[in-house]
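Beneath this line is the structure, given in structure tokens, with notes to follow.
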Amino acid sequence: MSDWNIEQAEELYRVKRWGGGYFQIGDNGNLHITPNEDDEHLRIDFKSVIEEIQRENIQFPVVVRFHDILRAQVAALNDIFNKTIQAAGYESPYMGVYPIKVNQMREVVEEIVDAGQPYQFGLEAGSKAELLAVLAYNTNENALTILNGYKDDEFLKLAFMGMLMGRNIIIVVEKFSELAAITRLSRELGIRPTIGLRAKMSVKGRGKWEGSSGDRAKFGLSISEIVAAVAYLKKEDMLDTLKLLHFHIGSQLTDIRSIKEAITEAARIYTELHHMDVKLEYVDVGGGLGIDYDGSKSTSDSSKNYSMKEYVGDIVYGMQEICDQEQVPHPILVSESGRALTAHHSCVVMEIVSEIKPNGGNVNAPIDGEEHFILTNIRELADNLEAYPNPQEIYNDATDWKEQAQNAFKLRVLSLEQLATVESLYWNIMDTLRQRLKTAQFIPEDLQDLEKLLASQYLGNFSVFQSAADTWAIDQGLPVVPITRMHEKPTVTCSLVDITCDSDGKIDHFVGESSPNTTIALHELKEDEKYYVGLFLTGAYQDVMGDMHNLFGRLNEVHIFSYDDDPEDFYIEEIVRGSSVESVLDIMQYNPKSMAKDVKKVIDKQISAGKLNPREGVRWIDFYDDCLAGYTYLKTS
Ligand SMILES: *Cc1c(COP(=O)(O)O)cnc(C)c1O
């Protein structure tokens, strides 16, 4: 093991770079979690978490949530805003909200509301269903409730109801016609609302979501509509209800420049409106604060070239500068960061159940009598590789023999077993070539893809579509890291495939030096030891966007709280059971109870017909019932 150490493991898996201070590789080679930067003694070994999950008889894959990380992120965002505001002498406070669409899980929303209590941190809803949840959960009356998204009368009425409940609600107008509905309902109900306008910005948020701004954006009012909205509200005698200017130029902003530009543009609109006697009190800068998924600190789609501090600094100082130039009061600053708050706190832990090798068969047909020359030739090449110094020549010859063998098979010259032998020899030759090229100075072009060609596939007991939808949909990179053995050299080059019957069900986009890499190095599987791999930074969007492709349902979940007095520094606060097969079938309109009855009927008939022993029959019926009640993923011992 002397040729490997944890520094090299860090180099490979980049845990510190994407870990946000919460994850590190421990000296024992296990992944460690440090949820509280003020308490360096608090250190959770992920292996102990896995052992605890096993003791509780919870089947993998499992979503592991670290609530301390969620709380720490809420505190970090608020503290940074507050400190920056103080340092700048900015004259209004920060009042952030969490947009629940990023992760609507009740436990997540509750934790954020609780951690945000001292900061008057609020919630944002973008649909009726989300608003129903927010009305019940945003219990801090001083905190804001921001309403985005398209709204019907029912949505708006719920907003008015929230005002009657004493909540600090701001209805953000996404399209002009909503204004008429708001004024009509306000009159009908006799309640004066607080209104915001979402501006369609000209600045583009560079990154995957740049369509969120610009002339063709789905949401928001153009400059001329904003001016018309002011005239409309004045006419309706409602101008005093207009309090907030909102923009959102896209999620996962990769480049700090787009934030600077957006602040300048928004500050200009805000100050100009002030000059037009529109006394706005808030500017809401939306979401977009990014996550460095690949640890590259770059403007690649899965990264960002700025820190939370820089992001906040640009907002506070940018707004202050323009307001001071125009001699307009500093607005209260609102932001709607979702990704940045939630991404780190949750991950998916799966067991690698097997290795799929390109040369799985390794057939060697016995030579009986006169062997066909194709076989003899490739066998000779395989047996005498040292005699060939030129890798390109070996590659050409072997590839040529393999193609000839495939043709000969079609022409009924080679048997199936003989073709299998040629294939096996071919892969053995390629494997030897790959070993040889590892130390080579120069790799010919044809051979550069050898590593990819020979890469194994590690079969993970999970579904990409359920647990990592964005890796499939938009090629989002997520860190994949083994939970243990990082002090051992990982010797298997592989990609990760899931258990769905879909060839898209794979992860072949990994963080690393020449990011994105199509393969990752993991450890050799052992007969007597389970190998667990984590998919990290899944707390934002991935957690809640998954679908049930192949009827793989939601995962079992454990919620981890740190606890200094515990020898392992943590305890499982809650276990949330994932979907059973029954519940998944039920959503698809099946009736599992009547299915079980029908199956029982058929088995009973076989019993009466004497084709099945009654005892055995009952066991099969019970087995069917157990599977219905069971977990949708593979059961591994
Ligand atoms: C999605 C969304 C957000 C959240 O953005 P993040 O980049 O996840 O912080 C905020 N505001 C609006 C209007 C959104 O649509």
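The values are calculated or read from the model by the stated rules, or taken from the named source; none is laboratory data. The structure displayed is predicted, hence computed values, not measured ones. Please note: Cβ atoms are built from the backbone with ideal geometry, for glycine as well, and neighbour counts cover all protein chains shown. To get the accessible areas, we keep the full protein, side chains included, count just its heavy atoms, and leave off ligands, DNA and RNA. Shrake-Rupley method; radii C 1.70, N 1.55, O 1.52, S 1.80 Å.
Taking N as the number of residues in the chain, what is its Cα Rg relative to 2.2 N^0.38 Å?
Expressed relative to 2.2 N^0.38 Å, the Cα Rg reads 1.17.
Where a Cα-Cα gap under 12 Å defines reach, which aspartates and glutamates qualify for residue 279, not counting those fewer than 8 residues away within the same chain?
240
Can you give the accessible area of residue 344 in Å² (nearest 10), computed on protein heavy atoms with a 1.4 Å probe?
Estimated to the nearest 10 Å², residue 344 gives 20 Å².
For the chain, what does -39500 (n - 2.57) per DSSP helix run (n ≥ 4), summed and divided by total residues, give at 222 nm, in deg cm²/dmol to the nearest 500?
-12500 deg cm²/dmol
In the structure displayed, which of 101/218; 243/304; 357/530; 16/489 lie more than 21 Å apart, Cα to Cα?
From 101/218; 243/304; 357/530; 16/489, over 21 Å: 243/304.
Putting +1 on Lys and Arg Cβ atoms and -1 on Asp and Glu Cβ atoms, find which of 432, 311, 282 reaches farthest to the positive end of the dipole of the chain.
282
Let me check the size of region 373-440 from its C-alpha atoms; what are the radius of gyration and Dmax in Å?
Radius of gyration, then largest Cα-Cα span, for region 373-440: 12.2, 41 Å.
Within 12 Å, Cβ to Cβ, of residue 388, how many net charges do the neighbouring residues add up to if Lys/Arg are +1 and Asp/Glu are -1? Mind dumping the intermediate values first?
Numbers: positive: 436; negative: 380, 383, 386, 393, 397.
Around residue 388, the charge tally is -4.
Taking the Cα centre of the chain as the origin, how large is its charge dipole in debye, to the nearest 20, when only Lys and Arg (+1) and Asp and Glu (-1) carry charge on their Cβ atoms?
2200
Give the accessible surface of region 67-345 per residue, rounded to a whole number of Å², with probe radius 1.4 Å and ligands, DNA and RNA excluded.
37
Go through region 454-465 residue by residue and turn each phi into a ³J(HN,Hα) via Karplus (6.51, -1.76, 1.60, θ = phi - 60°); whole Hz please, and just put x for glycine and proline.
9, 4, 6, 10, 8, 8, x, 7, 6, 10, 4, 5
Once neighbouring chains are kept in place and the probe is 1.4 Å, which whole percent of the accessible area of region 583-629 is contributed by carbon and sulfur?
On region 583-629, the fraction of accessible area on carbon and sulfur atoms equals 57 percent.
Over all directions, what mean area does the Cα convex hull of region 181-257 project, stated in square nanometres?
5.9
Heavy-atom accessible area per residue, region 583-629, 1.4 Å probe: how many Å²?
79
Of the beta bridges DSSP finds with both residues in the chain, what % are antiparallel, to the nearest 5?
Here the antiparallel bridges make up roughly 50 percent for the chain.
At a Förster radius of 35 Å, what calculated FRET efficiency corresponds to the Cβ-Cβ distance of residue 491 and residue 410, to the nearest 0.05?
0.40
Under the classification rounded if a/c is under 1.5, otherwise prolate if a/b is larger than b/c and oblate if not, where does region 403-469 fall, given a ≥ b ≥ c as square roots of the Cα gyration tensor eigenvalues?
Because a/c hits 1.5 or more and a/b fails to exceed b/c, region 403-469 counts as oblate.
Quick one: with all protein chains in place, what share of the accessible area of region 67-345 is carbon or sulfur, to the nearest percent (1.4 Å probe)?
With neighbouring chains kept in place, the figure for region 67-345 is 51 percent.
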